[in-house]
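The values are calculated or read from the model by the stated rules, or taken from the named source; none is laboratory data. All values derive from a computational prediction rather than experimental measurement. Positions of Cβ are generated from backbone atoms using ideal geometry, with glycine treated the same way; all protein chains shown enter the neighbour counts.
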Amino acid sequence: MFNPQMLTLAREAAGLTQAAIAQHARVSQSLMSKIENGFEAPSVEFLSKAAEICAVPVGLFDQYDTLSSDTVYDIFHKKRLTLPQKPLKKANANVQKVRMEIARLLRSVDVPTRLPFPNLSLDAHDSPAEIAMLTRATWRAPTGPLPNLIQRVEATGTPVMFADLGHEKLRAMSMAGVKGDNAHVVVLNSRLPASAQRFALAHEVGHLVMHDGVSTPDMEKEADDFASALLMPAIDIGPQLRNVRFRDLGELKRQWHVSLAALIYRAYSLGVITERHYRSLNMALNKLPNGRKREPGEFEPETPTLIHDAIKMYRDELDYSIEDLCRLMVVTRQRFYEHYDPETPIDRPTRFRLIQGS
């Protein structure tokens, strides 16, 4: 049965207007609007044309997966007022699609959860920094730098993915698990350098741990404070940042796997440098050839494995083909290869083999 919500989702994920789909399907914009709002039943030909221009399987329009509330999207991302709304809306729809596709993939496999995902309200704790320390303790993290954050997040059963979110200001997006699909999902912007991706992941974890879809006036700052404390505990990094010189930040970046900008802000927030020193360090950072957008000393990005491991399980233990997986996830072959198996050429035959260790 046709679900008009899925037509809206497919259209927004493709960055299309109602008029564009109406023109492609050769119907009036009035009829297109009525179909999308559930007032008119679509023809088979219309659905075929809509699926074609949105690059989705026709079967997507018959799905009734639970969508995450727009409120979560509003809370977590509309506060970034300088971000254009069109790419934000498109990115949100694409992450909704990713969450549904991953949920379908994971329903038939047992995802190992070696670590719990904390749920710690700010009402019961003093600060985001305290919650970050409790999160590290829950994850049995060592003191000092936090190795492989993606690996720890995925150990909770939370998939992490990279995708081009269309705008560098949109650093990452997360969606909490919904009824029937317990896993959270975090999508990191592939446009960002590795240091920015790590901080963005810690920021989104902060939202999922602390806010759980409930708005607070300072939630973006709270998530940033959580991320800073998770990646750079005060007791460990504080002495290293006291009166730090700009030339020393490169080595600290290599050690802590965070950006120069994050180190400078952490030093200031901990009170181990003066405001004048803080401004001086930022001026030096801005004078670098590529400024703060492309800092020197970047390291290799961390690699998610949960989705690849699930696909491998379907292949090895359940004998699924590419067509089987595409039907299960309700995706086109091209989307499957681009988002879930990017190392495999699109024209590869039906059966596939994952590279050992990928």
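Computed quantities for the displayed model
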item: Residues (more than 26 Å from Ala310 (Cα to Cα) and among the polar types (S, T, N, Q)) located in the range 136-163; result: Thr143
item: Pairs where the first residue, in the range 161-174, is surrounded by 18 or more Cβ atoms within 10 Å (Cβ to Cβ) and the second is hydroxyl-bearing (Ser, Thr, Tyr), C-beta under 7 Å, 6+ apart; result: Phe162/Ser190; Ala163/Ser190
item: Residue pairs meeting the criteria (Cβ under 6 Å; at least 6 apart or on separate chains; first in contact (Cβ under 8 Å) with a residue 24 or more places away in the chain and in a helix (DSSP H, G or I), in the range 32-50; second surrounded by 12 or more Cβ atoms within 10 Å (Cβ to Cβ) and polar (S, T, N, Q)); result: Glu36/Thr8
item: Filter pass, Lys79 being modelled with pLDDT under 90, in the same structural domain as Arg266 (by TED's automatic domain parsing) and exposed (fewer than 15 other Cβ atoms within 10 Å of the Cβ); result: yes
item: Some residue of the range 220-233 being farther than 30 Å from Asn119 by Cβ and either buried (at least 22 other Cβ atoms within 10 Å of the Cβ) or not hydrophobic (A, V, I, L, M, F, W, C) (or both); result: no
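This table checks each residue for (1) of a type in the set (Lys, Arg); (2) part of a helix (DSSP H, G or I); (3) not assigned by TED's automatic domain parsing to the domain that holds His184.
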{"residue": "Ile235", "(1), (2), (3)": "no, yes, no"}
{"residue": "Gly238", "(1), (2), (3)": "no, yes, no"}
{"residue": "Ile264", "(1), (2), (3)": "no, yes, no"}
{"residue": "Asn282", "(1), (2), (3)": "no, yes, no"}
{"residue": "Glu295", "(1), (2), (3)": "no, no, no"}
{"residue": "Phe299", "(1), (2), (3)": "no, no, no"}
{"residue": "Ile311", "(1), (2), (3)": "no, yes, yes"}
{"residue": "Leu325", "(1), (2), (3)": "no, yes, yes"}
